[in-house]
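Report on the following structure.
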Amino acid sequence: MSERREIDDELALREASLADARREFAAGELSAAALAAIEAREGAAIAALVERATAIPELEASAHDRPTVRVRRQWWLAVAALAFAGALAVILWSAIGPRQAGTSITGSITLGHSARITQLLTEAEADVANQNDVAALAAYAQVLALDSRNVVAITQTGWLDFSAGSSAKDARLVDYATSLLRRAITVAPSDPGARLYYAIAASDTPGNAALAKTQFRVFLTLHPSAAQRAVAAPYLARYGLTG
(Lines give C-alpha, C1' and ligand atoms only; values in the text may rest on other atoms or scores of the structure.)
Protein backbone atom coordinates (compact mmCIF):
# COMPACT_ATOMS: atom_id res chain seq x y z
CA MET A 1 0.00 0.00 0.00
CA SER A 2 1.37 3.45 -0.91
CA GLU A 3 2.09 6.06 1.74
CA ARG A 4 -0.63 8.30 0.30
CA ARG A 5 -3.21 5.52 0.58
CA GLU A 6 -2.16 4.79 4.18
CA ILE A 7 -2.56 8.48 5.05
CA ASP A 8 -5.95 8.57 3.34
CA ASP A 9 -7.15 5.55 5.31
CA GLU A 10 -5.95 6.95 8.64
CA LEU A 11 -7.54 10.32 7.92
CA ALA A 12 -10.86 8.57 7.35
CA LEU A 13 -10.52 6.79 10.70
CA ARG A 14 -9.63 10.00 12.52
CA GLU A 15 -12.56 11.85 10.96
CA ALA A 16 -14.91 9.02 11.97
CA SER A 17 -13.56 9.15 15.54
CA LEU A 18 -14.30 12.88 15.74
CA ALA A 19 -17.79 12.40 14.35
CA ASP A 20 -18.54 9.61 16.83
CA ALA A 21 -17.29 11.69 19.76
CA ARG A 22 -19.44 14.65 18.78
CA ARG A 23 -22.51 12.46 18.41
CA GLU A 24 -21.90 10.89 21.81
CA PHE A 25 -21.40 14.30 23.41
CA ALA A 26 -24.63 15.59 21.85
CA ALA A 27 -26.45 12.52 23.19
CA GLY A 28 -25.07 13.09 26.69
CA GLU A 29 -22.94 9.95 26.56
CA LEU A 30 -19.59 11.77 26.63
CA SER A 31 -18.39 14.42 29.05
CA ALA A 32 -17.06 17.81 27.99
CA ALA A 33 -13.63 16.83 29.33
CA ALA A 34 -13.60 13.68 27.22
CA LEU A 35 -14.73 15.57 24.14
CA ALA A 36 -12.00 18.16 24.67
CA ALA A 37 -9.36 15.45 24.89
CA ILE A 38 -10.61 13.70 21.75
CA GLU A 39 -10.97 16.95 19.78
CA ALA A 40 -7.42 17.98 20.63
CA ARG A 41 -5.92 14.54 20.01
CA GLU A 42 -7.67 13.79 16.73
CA GLY A 43 -7.39 17.34 15.41
CA ALA A 44 -3.66 17.42 15.97
CA ALA A 45 -3.25 13.97 14.43
CA ILE A 46 -5.20 15.04 11.33
CA ALA A 47 -3.02 18.13 10.94
CA ALA A 48 0.14 16.01 11.20
CA LEU A 49 -1.20 13.60 8.58
CA VAL A 50 -2.04 16.49 6.26
CA GLU A 51 1.50 17.77 6.66
CA ARG A 52 2.85 14.33 5.75
CA ALA A 53 0.59 14.19 2.73
CA THR A 54 1.66 17.56 1.41
CA ALA A 55 5.32 16.51 1.75
CA ILE A 56 4.86 13.58 -0.66
CA PRO A 57 6.41 14.57 -4.00
CA GLU A 58 3.95 15.17 -6.81
CA LEU A 59 6.14 12.94 -8.97
CA GLU A 60 4.75 9.94 -7.11
CA ALA A 61 1.49 10.51 -8.94
CA SER A 62 1.13 10.19 -12.66
CA ALA A 63 0.04 13.17 -14.73
CA HIS A 64 -3.39 11.53 -15.00
CA ASP A 65 -3.68 11.27 -11.20
CA ARG A 66 -2.58 14.79 -10.26
CA PRO A 67 -5.99 16.50 -10.41
CA THR A 68 -7.33 13.87 -7.98
CA VAL A 69 -4.34 14.37 -5.70
CA ARG A 70 -4.99 18.13 -5.54
CA VAL A 71 -8.65 17.55 -4.74
CA ARG A 72 -7.75 15.08 -2.00
CA ARG A 73 -5.33 17.52 -0.44
CA GLN A 74 -7.93 20.28 -0.40
CA TRP A 75 -10.35 17.88 1.32
CA TRP A 76 -7.75 16.87 3.89
CA LEU A 77 -6.99 20.51 4.69
CA ALA A 78 -10.69 21.20 5.13
CA VAL A 79 -11.02 18.25 7.53
CA ALA A 80 -8.02 19.47 9.53
CA ALA A 81 -9.40 22.99 9.69
CA LEU A 82 -12.77 21.75 10.94
CA ALA A 83 -11.14 19.51 13.52
CA PHE A 84 -9.03 22.30 14.90
CA ALA A 85 -11.99 24.69 14.86
CA GLY A 86 -13.79 22.23 17.12
CA ALA A 87 -10.77 21.84 19.37
CA LEU A 88 -10.36 25.61 19.59
CA ALA A 89 -14.00 26.02 20.56
CA VAL A 90 -13.54 23.52 23.38
CA ILE A 91 -10.37 25.26 24.50
CA LEU A 92 -12.12 28.63 24.63
CA TRP A 93 -15.12 27.11 26.36
CA SER A 94 -12.80 25.70 29.00
CA ALA A 95 -11.20 29.16 29.48
CA ILE A 96 -7.75 27.78 28.92
CA GLY A 97 -5.02 30.42 28.67
CA PRO A 98 -3.12 31.11 25.45
CA ARG A 99 0.19 29.51 24.58
CA GLN A 100 3.28 31.48 25.56
CA ALA A 101 4.44 33.99 22.96
CA GLY A 102 6.98 32.53 20.58
CA THR A 103 5.69 28.98 20.77
CA SER A 104 3.47 27.11 18.35
CA ILE A 105 1.47 23.90 18.65
CA THR A 106 2.24 23.04 15.05
CA GLY A 107 5.93 23.82 15.21
CA SER A 108 8.03 24.60 12.16
CA ILE A 109 7.69 22.35 9.15
CA THR A 110 11.40 22.93 8.51
CA LEU A 111 12.40 21.06 11.67
CA GLY A 112 13.79 17.57 11.37
CA HIS A 113 11.83 14.62 12.74
CA SER A 114 13.70 14.35 16.06
CA ALA A 115 13.87 18.11 16.56
CA ARG A 116 10.15 18.43 15.90
CA ILE A 117 9.36 15.80 18.52
CA THR A 118 11.67 17.50 21.02
CA GLN A 119 10.00 20.84 20.40
CA LEU A 120 6.51 19.42 20.79
CA LEU A 121 7.43 17.63 24.02
CA THR A 122 8.92 20.85 25.38
CA GLU A 123 5.76 22.77 24.46
CA ALA A 124 3.57 20.11 26.05
CA GLU A 125 5.62 20.14 29.26
CA ALA A 126 5.18 23.93 29.47
CA ASP A 127 1.44 23.56 28.82
CA VAL A 128 1.11 21.01 31.62
CA ALA A 129 2.99 23.34 33.98
CA ASN A 130 0.57 26.14 33.01
CA GLN A 131 -2.43 23.81 33.41
CA ASN A 132 -3.23 24.07 29.68
CA ASP A 133 -4.10 20.39 29.51
CA VAL A 134 -6.00 20.45 26.20
CA ALA A 135 -3.12 22.23 24.48
CA ALA A 136 -0.71 19.69 25.99
CA LEU A 137 -2.86 16.82 24.70
CA ALA A 138 -2.78 18.31 21.22
CA ALA A 139 1.02 18.53 21.33
CA TYR A 140 1.34 14.96 22.58
CA ALA A 141 -1.02 13.82 19.81
CA GLN A 142 1.30 15.35 17.23
CA VAL A 143 4.25 13.56 18.81
CA LEU A 144 2.38 10.25 18.55
CA ALA A 145 1.53 10.99 14.91
CA LEU A 146 5.29 11.25 14.31
CA ASP A 147 6.30 8.40 16.62
CA SER A 148 3.51 6.12 17.85
CA ARG A 149 5.85 4.50 20.41
CA ASN A 150 7.04 7.68 22.14
CA VAL A 151 6.68 6.65 25.77
CA VAL A 152 6.56 10.19 27.17
CA ALA A 153 3.66 11.16 24.91
CA ILE A 154 1.78 7.92 25.59
CA THR A 155 2.27 8.22 29.35
CA GLN A 156 1.35 11.88 29.60
CA THR A 157 -1.68 11.49 27.33
CA GLY A 158 -2.84 8.61 29.49
CA TRP A 159 -2.28 10.52 32.71
CA LEU A 160 -4.00 13.72 31.52
CA ASP A 161 -6.96 11.73 30.22
CA PHE A 162 -7.10 9.74 33.46
CA SER A 163 -7.12 12.93 35.52
CA ALA A 164 -9.83 14.48 33.37
CA GLY A 165 -11.92 11.33 33.41
CA SER A 166 -11.60 10.93 37.16
CA SER A 167 -12.60 14.55 37.79
CA ALA A 168 -15.59 14.25 35.46
CA LYS A 169 -16.47 10.76 36.78
CA ASP A 170 -16.34 9.57 33.18
CA ALA A 171 -15.75 5.82 33.35
CA ARG A 172 -15.18 5.48 29.61
CA LEU A 173 -12.42 8.09 29.59
CA VAL A 174 -10.84 6.54 32.66
CA ASP A 175 -10.82 3.12 30.97
CA TYR A 176 -9.32 4.56 27.80
CA ALA A 177 -6.67 6.44 29.78
CA THR A 178 -5.76 3.33 31.75
CA SER A 179 -5.31 1.41 28.51
CA LEU A 180 -2.85 4.07 27.37
CA LEU A 181 -0.89 3.81 30.60
CA ARG A 182 -0.75 0.03 30.21
CA ARG A 183 0.51 0.52 26.67
CA ALA A 184 3.23 2.85 27.93
CA ILE A 185 4.70 0.17 30.19
CA THR A 186 4.35 -2.38 27.39
CA VAL A 187 6.31 -0.12 25.03
CA ALA A 188 8.90 0.79 27.67
CA PRO A 189 8.74 -1.60 30.65
CA SER A 190 11.92 -0.14 32.14
CA ASP A 191 10.77 3.48 32.03
CA PRO A 192 10.18 4.64 35.62
CA GLY A 193 7.83 7.46 34.56
CA ALA A 194 5.49 5.13 32.69
CA ARG A 195 5.50 2.69 35.61
CA LEU A 196 4.88 5.50 38.12
CA TYR A 197 1.77 6.91 36.44
CA TYR A 198 0.32 3.48 35.79
CA ALA A 199 0.83 2.66 39.48
CA ILE A 200 -0.82 5.91 40.57
CA ALA A 201 -3.79 5.29 38.28
CA ALA A 202 -4.16 1.79 39.72
CA SER A 203 -3.93 3.18 43.25
CA ASP A 204 -6.63 5.76 42.53
CA THR A 205 -8.98 3.14 41.04
CA PRO A 206 -11.07 1.15 43.53
CA GLY A 207 -10.14 -2.51 43.82
CA ASN A 208 -6.65 -2.17 42.35
CA ALA A 209 -4.55 -1.74 45.49
CA ALA A 210 -2.65 -5.01 44.93
CA LEU A 211 -1.83 -4.05 41.35
CA ALA A 212 -0.72 -0.60 42.47
CA LYS A 213 1.59 -2.02 45.13
CA THR A 214 3.16 -4.40 42.63
CA GLN A 215 3.73 -1.58 40.14
CA PHE A 216 5.28 0.67 42.78
CA ARG A 217 7.66 -2.14 43.74
CA VAL A 218 8.78 -2.40 40.10
CA PHE A 219 9.04 1.39 39.92
CA LEU A 220 11.53 1.42 42.79
CA THR A 221 13.83 -1.01 40.95
CA LEU A 222 14.05 1.24 37.88
CA HIS A 223 16.27 3.96 39.41
CA PRO A 224 13.65 6.75 39.38
CA SER A 225 14.71 10.37 39.59
CA ALA A 226 14.38 12.44 42.74
CA ALA A 227 11.39 14.23 41.23
CA GLN A 228 9.67 10.93 40.42
CA ARG A 229 10.33 9.67 43.93
CA ALA A 230 8.78 12.83 45.33
CA VAL A 231 5.61 12.24 43.30
CA ALA A 232 5.52 8.62 44.44
CA ALA A 233 6.30 9.34 48.12
CA PRO A 234 2.74 9.52 49.51
CA TYR A 235 1.79 6.33 47.67
CA LEU A 236 4.92 4.51 48.80
CA ALA A 237 4.11 5.50 52.38
CA ARG A 238 0.56 4.25 51.94
CA TYR A 239 1.80 0.81 50.89
CA GLY A 240 4.71 0.66 53.33
CA LEU A 241 7.31 0.60 50.54
CA THR A 242 10.83 2.01 50.66
CA GLY A 243 13.70 1.95 48.24
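Residues that are modelled with pLDDT of 75 or more and surrounded by fewer than 22 Cβ atoms within 10 Å (Cβ to Cβ) were ranked within the range 24-51; the one that is nearest to V174 (Cα to Cα) is E29.
Of everything in the range 150-198, what is of a type in the set (S, T, N, Q) and surrounded by fewer than 23 Cβ atoms within 10 Å (Cβ to Cβ)? Give them in sequence order. Write out each step before concluding.
Filtering the range 150-198 down to residues of a type in the set (S, T, N, Q) leaves 150, 155-157, 163, 166-167, 178-179, 186, 190.
Passing the criteria: N150, S163, S166, S167, T178, S179, T186, S190.
In the range 205-223, the condition of being surrounded by fewer than 16 Cβ atoms within 10 Å (Cβ to Cβ) and among the basic types (K, R) is met by at least one residue.
Residues are listed down the side, and each one gets a yes or a no for (1) of a type outside the set (A, V, I, L, M); (2) within 16 Å of the chain's Cα centre (by Cα); (3) closer than 18 Å to F216 by Cα; (4) in a loop (DSSP other than H, G, I, E, B):
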| residue | (1), (2), (3), (4) |
| --- | --- |
| V134 | no, yes, no, no |
| Y140 | yes, yes, no, no |
| L144 | no, yes, no, no |
| W159 | yes, yes, yes, no |
| D175 | yes, yes, no, no |
| T178 | yes, yes, yes, no |
| I185 | no, yes, yes, no |
| L196 | no, no, yes, no |
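Taking the stated definitions as given, is R217 of a type in the set (D, E, K, R) and either outside any helix (DSSP H, G or I) or closer than 21 Å to D161 by Cα (or both)? Please lay out each step first, then the result.
On the way: of a type in the set (D, E, K, R): yes; either outside any helix (DSSP H, G or I) or closer than 21 Å to D161 by Cα (or both): no.
Taking the combined requirement at face value, the residue does not satisfy it.
Against the list (1) assigned to a helix (DSSP H, G or I); (2) at pLDDT 70 or above; (3) loosely packed, with under 12 Cβ neighbours inside 10 Å, the condition Q74 fails is (2).
The condition of being among the hydrophobic types (A, V, I, L, M, F, W, C) and in contact with a His (Cβ under 8 Å, 6 or more places away or on another chain) holds for only one of L146, L160, that being L146. Identify the single condition in (1) free of Cβ contacts under 8 Å to residues at least 24 places away in the same chain; (2) surrounded by 22 or more Cβ atoms within 10 Å (Cβ to Cβ) that A124 does not satisfy, given that it satisfies every other one. With respect to (1) free of Cβ contacts under 8 Å to residues at least 24 places away in the same chain; (2) surrounded by 22 or more Cβ atoms within 10 Å (Cβ to Cβ), A124 is out only on (1).
The values are calculated or read from the model by the stated rules, or taken from the named source; none is laboratory data. Every value quoted in this text rests on a predicted model; they were computed, and no experiment measured them. Quick reminder, even Gly has a Cβ in these numbers, built from the backbone with ideal geometry, and neighbours come from all protein chains shown.
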